[in-house]
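Here is the structure we will look at, set down as structure tokens.
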Amino acid sequence: MRNLCKTVIATAIFLVLCFAAQAAGDDSFTDSRDGQDYRTVQIGKQIWMAENLNYKSANSWCYANKDSNCEIYGRLYTWETARKICPAGWHLPKRNEWFDLQKAIEDEKDCVEDGWEGLVPGAWGWESGGLSKNEVAEIRRKELAGKKLKSKSQWNGTDDYGFSALPGGMRYYNQAIFKSAGTFGYYWIDNRFNSQLVYFWTFHTGRDKMEENIDFSTYGLSVRCVHDNPVPDSLVKKSEWPNKHDKKPICKTNKHSQQRK
């Protein structure tokens, strides 16, 4: 019995150390199904794949049916396929997990300089209004979340967290028509809106924010997998500037220089 207890304790310590090593920073994961390696990144309490999934299966495609595009953007999957395509220990993220990711970005120490008080977001940019500096800061963080998660290559992100979202485009539903690679990145969410429509996230070259949308489940969109086990509070990285990527806050500009987009 004593030897058994020692074995159990040793195994538990080993698992904790392995998890801590993975949670401590950027790492990698090998998909045992095909041997492909994926970078991973911890953001807040979550561990995400930092690359689009590229596991070949039925109801998945390379953009424009060119293998070279799979090497850049990963594969495009229907929603039903995406729900079960992540490797063991990983899964397609639900709405709350994407919101947690966005919230982790918004919670980072950010800045809104003097002069932003009294502005509100309008149809043509920031306009006169009654928001406080803190209220403006919250809106600005949400607007900048997409830019901070987009990769530097292929489009105009800053990739502050190593998430490296890509503009992989889409395959049009029920047709072999592909569009928007290099301009839009679309990522499935594991939630239905109704019996026909499902949720997905959109990243756009021309916008800094990330947006949630709905459409038919038969489209072909990109997949990011998130780890099944959240990171313990004791291992969550603390936010501070400059961070490990040595980035300054994106909103560090001269007063209203970001007012008009």
Review point. Only one of (1) more than 22 Å from Ala58 (Cα to Cα); (2) at pLDDT 85 or above; (3) not hydrophobic (A, V, I, L, M, F, W, C) fails for Thr218. Which number is that?
Key: (1)
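Which residue is nearest to the chain's Cα centre (by Cα), if the candidates are limited to the range 29-60 and must be of a type in the set (Gly, Ala, Ser) and modelled with pLDDT of 95 or more?
Step one: filter the range 29-60 for residues of a type in the set (Gly, Ala, Ser), giving 32, 35, 44, 50, 57-58, 60.
Applying the additional criterion that residues be modelled with pLDDT of 95 or more yields 32, 35, 50, 57-58, 60.
Numbers: Ser32: 23, Gly35: 23, Ala50: 8, Ser57: 23, Ala58: 24, Ser60: 20 Å.
Among residues in the range 29-60 that are of a type in the set (Gly, Ala, Ser) and modelled with pLDDT of 95 or more, the one nearest to the chain's Cα centre (by Cα) is Ala50.
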Practice item. Please go through the range 56-97 and pick out each residue that is farther than 20 Å from Asp215 by Cβ, crowded, with 19+ Cβ neighbours inside 10 Å and touching a Lys or Arg at 6+ places or on another chain (Cβ under 7 Å). Key: Cys62
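Can you find a residue that is within 28 Å of Phe29 (Cα to Cα), modelled with pLDDT under 95 and surrounded by 21 or more Cβ atoms within 10 Å (Cβ to Cβ) anywhere in the range 190-202?
Our first condition is that a residue be within 28 Å of Phe29 (Cα to Cα); within the range 190-202, this holds for 190-191, 199-202.
Checking which are modelled with pLDDT under 95 leaves us with none.
Scanning the range 190-202, I find no residue that is within 28 Å of Phe29 (Cα to Cα), modelled with pLDDT under 95 and surrounded by 21 or more Cβ atoms within 10 Å (Cβ to Cβ), so the answer is no.
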Practice item. Exactly one condition in (1) in contact with a strand residue (DSSP E or B) (Cβ under 9 Å, 6 or more places away or on another chain); (2) aliphatic (A, V, I, L, M); (3) at pLDDT below 85 is not met by Met210; state its number. Key: (3)
Practice item. Kindly provide the set of residues from the range 180-202 that are in contact with a strand residue (DSSP E or B) (Cβ under 6 Å, 6 or more places away or on another chain) and among the charged types (D, E, K, R), ordered by number. Key: Arg192
Review point. So is Phe216 buried (at least 22 other Cβ atoms within 10 Å of the Cβ) and closer than 13 Å to Thr78 by Cα or not?
Key: no
Study note, to complete from the structure: Across the range 155-183, the tally of residues that are under 24 Å from Glu80 (Cβ atoms) and among the polar types (S, T, N, Q) stands at 3
Study note, to complete from the structure: Residue set Gly162, Gly169; condition surrounded by 18 or more Cβ atoms within 10 Å (Cβ to Cβ) and farther than 21 Å from Lys45 by Cα; output residue Gly169
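Looking at Val8, is it at pLDDT below 95, in a strand (DSSP E or B) and over 19 Å from Ala165 (Cα atoms)? Quick ask: steps written out before the conclusion?
Numbers: at pLDDT below 95: yes; in a strand (DSSP E or B): no; over 19 Å from Ala165 (Cα atoms): yes.
Here the answer is no, as Val8 does not meet what is asked.
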Practice item. Only residues in the range 153-182 that are outside any loop (DSSP other than H, G, I, E, B) count as the first member; pair them with residues that are surrounded by fewer than 18 Cβ atoms within 10 Å (Cβ to Cβ), Cβ under 7 angstrom, at least 6 apart or cross-chain, and list the lot. Key: Gly169/Lys179; Gly169/Ser180; Met170/Lys179; Met170/Ser180; Phe178/Ala64; Lys179/Tyr172
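The values are calculated or read from the model by the stated rules, or taken from the named source; none is laboratory data. What you are looking at is a predicted structure, and each value in this text was computed from that prediction instead of being measured. With ideal geometry, Cβ positions are generated from the backbone for all residues, glycine too; neighbour counts draw on all protein chains shown.
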